[in-house]
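What follows is a set of notes on a single structure, which appears directly below.
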Amino acid sequence: MHLEKKLRKIPLELIDAEDDFFDFSDKDSSYLAKLKLSIKKVGVINPLIVQLSSSKKLYRLINGFKRFQIAKELSLSYLPAYILKRDLSPLEVLNILLLSHSRPLSLTEKARIVGIMRRLQLSDKQIYDKFGSLLGISSASLVKEYAILSTYRSPLLSYISSHGLSLKQALALKDLSPQEQDTFVFLGNLLSLKGYDFFNILTDLKEIAIREGKKVALVIEETGILEIGKNEKFTRSQKIERIKNIIKERKYPYLTKVNRELDKIRKKFSSRTGLDIVWDKSLEGGVELSFKIRNSEDAKKKIKNLLEEDNFSLLVRFLEVYHEGLQDKKDNSG
Amino acid sequence: MRDYRIKRIIVDKRVKDSYFVSEVIKRAGGVEIEEVSTEKNSFFADFSFEEGKSTLFLTSFPGSFVKTCPGTGRGYLCCGYYVINQPVGCPLDCSYCILQDYLGPSPLVLYVNFERIKEQLDDFLKEQGENIIRIGNGELTDSLALDWLGDFSSFFISYFRNKKNVIFEFKTKTDQVEKALELPSCSNIVFSWSLNPQSIISREEHFCARLEKRIEAAFKVQKKGFMLAFHFDPLIFYPGWEKDYERLIDTLFTFIDPSRIFWISMGALRFPPSLKDIIKERFPESKIIYEEMIKGLDGKIRYIKPLRIKLFKKVYSLIREKAPRVFCYLCMESPDVWEKVMGFSPSSNHHFKKIFEKHCREVLEKGGA
C-alpha cells in the first residue's frame, strides 16, 4: 500500500544517491567484496527502495546504497527497485525500511537508525515505544546509549562493526577526545583488538589517566605501547601480552614492587633451602611452602635447612613484605 | 538541616487509608501524590537514580523484615549483626554506596505495616532467648534520614527500650536527632555515625550532614544519655588522608566521652565490581575507585592488603591514643589483617560474635562502656 507501482527496473542514471539520510548500513569491506562477486555472477536480486523526487525526474535512493555503488562500478544499466509513494513522511519511510530489512541489524546499524530517528525529532521514549521491539532495544535508557554511538565518526563505527564490539565496549570510547579515539583505534587496528581486549586495555588506560591526572594519549605515549604494536619482531599475541603487562604494572605500581621484592626473597630462599614459596599475587590469599622430597633423609635435610636462622629469617621477611608491603619505601597512595 | 527533599509520593492503593500514610503525606508538605495499584517492579522500571531518591513509595510488606546482616563472602570475618529492613532506600547520595548496585534506581520505600514488624520482632526475639542481639535498621537506608516523615526512631526506641538483651542501633550520616531526643534515653539504644574527613564528605557523601554537624548531633545524643557508636567506614585513601583522619579523630574526642561509646568499627572502601560502572557514570568527578585495588576473596574490589593495614593501623592508633579502652573491630576483614592491626584475630565468625556479645553484656550491666 506504500508502493507507487510494482517492482520496476530503473535506469541507473535516474537514481539519485546524493542524499544518504536513510543510509544506515555498515560498509564492511569484506562484505562489499562478497556482494560485488555475487552481483557480478547473478545480478542484483534484492531490489532497491527508491522514492520519486519532487521534480519527478529522478528517483531518490532510500535503501540499497551498497548495491547501487557496486552496480555503478560494474557499469550495470538497470536495477530492480520498489518505488515508494511520494506523500510518505520520513518516519513512514523509515518504518518501511525497517520492516523490509531482511537480515539482523548490527550494533552500528541500530545506532545509525536511532541517529536518524533523533534527527526526525523523536524522543528516546518515542523511539523505544514505537521501534524498540523492531530494533531489538530492550529499554528506553538503552536508546540514549545508541544515540551516543550514533554520533561517533565513521572510522570508529567502522572499527566497532568490523571487530564485533558490544555496545558497552563501543561506549568505552565516548569520553575520549577525537585525537585519543583515533590513537586508540589505530592501536586497535595494529593489534586487531577484539571486544574483550579492546575494552579492558582501554578501560585500564583511562583509569590510569584519571588517577594520574593525565590525558589517555599521554599515558599511551609514556607506556610506549604504540611502538610495541608496530614492532614486527613480535607476533600479535606477543604484542598484546606485552602491552597488557606494561599496563598492569602501571595500574598496580605498588603491587608490582611488592611482588618483585617477594620474588627476590623467594629466589634466595629457594636456592638455599630447596623449598619453594607460593603466594597469591594479589596478596589477598595465603602463602604456601612447597617442596618435593625424594626420601626421609631428603625431607630431614630440607626441614633442617628451613629452620636454620638465616633461612628462617628470610621466610619471616617474606611474610612481612607480603602482609605489610615495603615499609621502608614511601607507598604510592596518599 | 536536610539538603534532599521528597518531590513525589506514590501510595499503594491497598494502604491508602492507613493513618501512617496520611501522616507522611501531611509532613511531606505539598508534594505530588499518586495512587497506584500496579506491581511495584513494573511500575518503577524506568526510574533514574535521581527520581528514585526523591520519590517515596508507601506500601506494605508481606515478607520478613528481620534478617541476618548479609556480611560478605569467605575469607573475611563478620560480626553476626541483625538488620531490620525498614525503610528501604536512602535519600542521601554517597558515591560509594552499595545500595546503588543492590537496589538499583528505585524509589524510597516505607512500609506502613508496623504491626507486622512488631510481630516479627516479637517472634524473632523469643527464638533468640538469652542471646545478646545487635540489630539496626541502617543496612538498606540511613536510619534517620527519613525520620522526619515517620518517627521510626520513636517506634524503635519504644519497642526496644525494655528488651534488655537487645542493642538497637540507628546508623546515620545525618544530624536529625530531634525526634529521638524527645524520648527518655536508655542504654541499649545506640546512635551511631559513619565518619569521614570533611574533604571526603564534600566530595563523596552528597546530601549528608557536614562532619561538625554529625559530631554536634552525637554530642546532643550523648548529653541525653543514649549510647554512641562510630563507624570509620569506608576508610578512604587519598593524598593527605593521614592528616585529615588525625584531625577528625582529634575533633571527635574533643566532644565525645569514650565511656559513652559502645563500639567503633573500621572498614576500608570495598564494593562489588558492578558498582564501579555506576560510580563512573553517576559520579565522574570521583576518583576513589581508581586507587590500587584488587578483587578480594569475596569477589569485592578492595585496597591491596598492605594499604589496608596501613590505613587501619593509623586510624586504630589514633583512636587508641584518645580512647584506650573503647571496643574496636574491623568490618569484613581477614584474620591476618586483624592480627596485624589489633594484635589478635577472632578464630571464626562465631568467635567474633561471642567476643562482641561479651562486650555488650558488660556494657549493659554497667550502663556505660
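The values are calculated or read from the model by the stated rules, or taken from the named source; none is laboratory data. Note that the structure is predicted; figures quoted are calculated from it, not measured. Positions of Cβ are backbone-derived with ideal geometry, glycine not excepted, and every protein chain shown enters the neighbour counts.
The table that follows gives values for the structure above.
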{"read-out": "Some residue of region A:323-332 being out of contact with any Cys (no Cβ under 8 Å at 6 or more places or on another chain), among the polar types (S, T, N, Q), more than 14 Å from chain B (Cβ to nearest Cβ) and farther than 25 Å from B:TYR76 by Cα", "value": "no"}
{"read-out": "First in region B:44-73 and touching a residue at least 60 places away in the same chain (Cβ under 8 Å), second anywhere and part of a loop (DSSP other than H, G, I, E, B) and among the basic types (Lys, Arg), Cβ under 7 Å, 6 or more apart", "value": "B:THR72/B:LYS300"}
{"read-out": "Residues satisfying the stated conditions in region A:83-101, i.e. polar (S, T, N, Q) and either surrounded by 15 or more Cβ atoms within 10 Å (Cβ to Cβ) or closer than 12 Å to A:ILE49 by Cβ (or both)", "value": "A:ASN95, A:SER100"}
{"read-out": "Filter result for the condition that a residue is out of contact with any strand residue (DSSP E or B) (no Cβ under 6 Å at 6 or more places or on another chain) and closer than 19 Å to A:LEU255 by Cα, over B:PRO284, B:PRO258, B:PRO306, B:PRO272", "value": "B:PRO306"}
{"read-out": "Enumerated helices (runs of 4 or more DSSP H) restricted to region B:265-369, each holding at least 2 residues that are within 26 Å of B:TRP241 (Cα to Cα) and either touching a helix residue (DSSP H, G or I) at 6+ places or on another chain (Cβ under 6 Å) or within 14 Å of another protein chain (Cβ to nearest Cβ) (or both)", "value": "B:273-282, B:305-322, B:335-342"}
{"read-out": "Any hit, region B:250-263, residues being within 14 Å of chain A (Cβ to nearest Cβ), part of a loop (DSSP other than H, G, I, E, B) and touching a helix residue (DSSP H, G or I) at 6+ places or on another chain (Cβ under 8 Å)", "value": "no"}
{"read-out": "Residue in region A:177-195 that is of a type in the set (A, V, I, L, M), free of Cβ contacts under 8 Å to residues at least 40 places away in the same chain, assigned to a helix (DSSP H, G or I) and surrounded by 15 or more Cβ atoms within 10 Å (Cβ to Cβ) present", "value": "yes"}
{"read-out": "From B:PRO70, B:PRO91, residue being part of a loop (DSSP other than H, G, I, E, B), of a type outside the set (Ser, Thr, Tyr) and at pLDDT below 95", "value": "B:PRO70"}
{"read-out": "Given (1) more than 28 Å from B:ARG282 (Cβ to Cβ); (2) of a type outside the set (Gly, Ala, Ser); (3) buried (at least 19 other Cβ atoms within 10 Å of the Cβ), number of the condition B:GLN120 does not satisfy", "value": "(3)"}
{"read-out": "Residue in region A:26-48 that is of a type in the set (Val, Ile, Thr) and closer than 26 Å to A:PRO90 by Cα present", "value": "yes"}
{"read-out": "Residue among A:ALA170, A:ALA147, A:ALA209 that alone is part of a helix (DSSP H, G or I), modelled with pLDDT of 95 or more and within 11 Å of another protein chain (Cβ to nearest Cβ)", "value": "A:ALA209"}
{"read-out": "Flag for B:LYS163 being modelled with pLDDT of 95 or more, farther than 21 Å from B:PRO91 by Cβ and surrounded by fewer than 21 Cβ atoms within 10 Å (Cβ to Cβ)", "value": "no"}
{"read-out": "Residue identified as in contact with a Leu (Cβ under 6 Å, 6 or more places away or on another chain), free of Cβ contacts under 8 Å to residues at least 60 places away in the same chain and not acidic (Asp, Glu) among B:ILE304, B:ILE309, B:ILE355, B:ILE294", "value": "B:ILE304"}
{"read-out": "Selection status of B:LYS179, basic (Lys, Arg) and assigned to a loop (DSSP other than H, G, I, E, B)", "value": "no"}
{"read-out": "Those residues of region B:225-249 which are within 21 Å of the chain's Cα centre (by Cα) and assigned to a helix (DSSP H, G or I), in sequence order", "value": "B:TYR245, B:LEU248, B:ILE249"}
{"read-out": "Test: residue in region B:73-83 that is over 19 Å from the mean Cα position of the chain (by Cα), away from chain A (no Cβ under 14 Å) and either within 30 Å of B:ILE201 (Cβ to Cβ) or among the acidic types (Asp, Glu) (or both)", "value": "no"}
{"read-out": "Selection within region A:8-22 - under 19 Å from A:VAL93 (Cα atoms), surrounded by fewer than 17 Cβ atoms within 10 Å (Cβ to Cβ) and in contact (Cβ under 8 Å) with a residue 60 or more places away in the chain", "value": "A:ARG8, A:PHE21"}
{"read-out": "Pick from region B:314-331, criterion over 19 Å from B:PHE237 (Cα atoms) and out of contact with any strand residue (DSSP E or B) (no Cβ under 7 Å at 6 or more places or on another chain), ranking: surrounded by the fewest Cβ atoms within 10 Å (Cβ to Cβ)", "value": "B:PRO324"}
{"read-out": "Single unsatisfied condition, B:SER185 versus (1) modelled with pLDDT of 95 or more; (2) assigned to a loop (DSSP other than H, G, I, E, B); (3) of a type outside the set (Lys, Arg)", "value": "(1)"}
{"read-out": "Selection status of B:GLN86, within 25 Å of B:PHE168 (Cβ to Cβ) and among the polar types (S, T, N, Q)", "value": "yes"}
{"read-out": "Some residue of region B:147-160 being farther than 27 Å from B:PRO284 by Cα and part of a loop (DSSP other than H, G, I, E, B)", "value": "yes"}
{"read-out": "Condition broken by A:LYS244, with the remaining ones in (1) assigned to a helix (DSSP H, G or I); (2) within 11 Å of another protein chain (Cβ to nearest Cβ); (3) of a type outside the set (A, V, I, L, M) satisfied", "value": "(2)"}
{"read-out": "In region B:337-347, residue surrounded by the fewest Cβ atoms within 10 Å (Cβ to Cβ) [restricted to those that are in contact (Cβ under 8 Å) with a residue 12 or more places away in the chain and of a type outside the set (A, V, I, L, M)]", "value": "B:SER347"}
{"read-out": "Out of A:LEU226, A:LEU218, A:LEU262, sole residue that is in a helix (DSSP H, G or I) and within 14 Å of another protein chain (Cβ to nearest Cβ)", "value": "A:LEU262"}
{"read-out": "Criterion: touching a helix residue (DSSP H, G or I) at 6+ places or on another chain (Cβ under 6 Å) and within 11 Å of chain A (Cβ to nearest Cβ) - qualifying residue of B:TYR238, B:TYR245", "value": "B:TYR245"}
{"read-out": "Subset of region A:226-271 [among the polar types (S, T, N, Q) and touching an Asp or Glu at 6+ places or on another chain (Cβ under 9 Å)]", "value": "A:THR256, A:SER270"}
{"read-out": "Residue in region A:174-188 that is among the acidic types (Asp, Glu) and within 14 Å of chain B (Cβ to nearest Cβ) present", "value": "yes"}
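Per-residue answers, yes or no, for (1) of a type outside the set (Asp, Glu); (2) out of contact with any strand residue (DSSP E or B) (no Cβ under 6 Å at 6 or more places or on another chain); (3) over 30 Å from B:LYS280 (Cβ atoms):
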position	(1), (2), (3)
B:LEU92	yes, yes, no
B:LEU103	yes, yes, no
B:ASN113	yes, yes, yes
B:PHE124	yes, no, yes
B:GLN128	yes, yes, yes
B:ASN131	yes, yes, yes
B:TRP148	yes, yes, yes
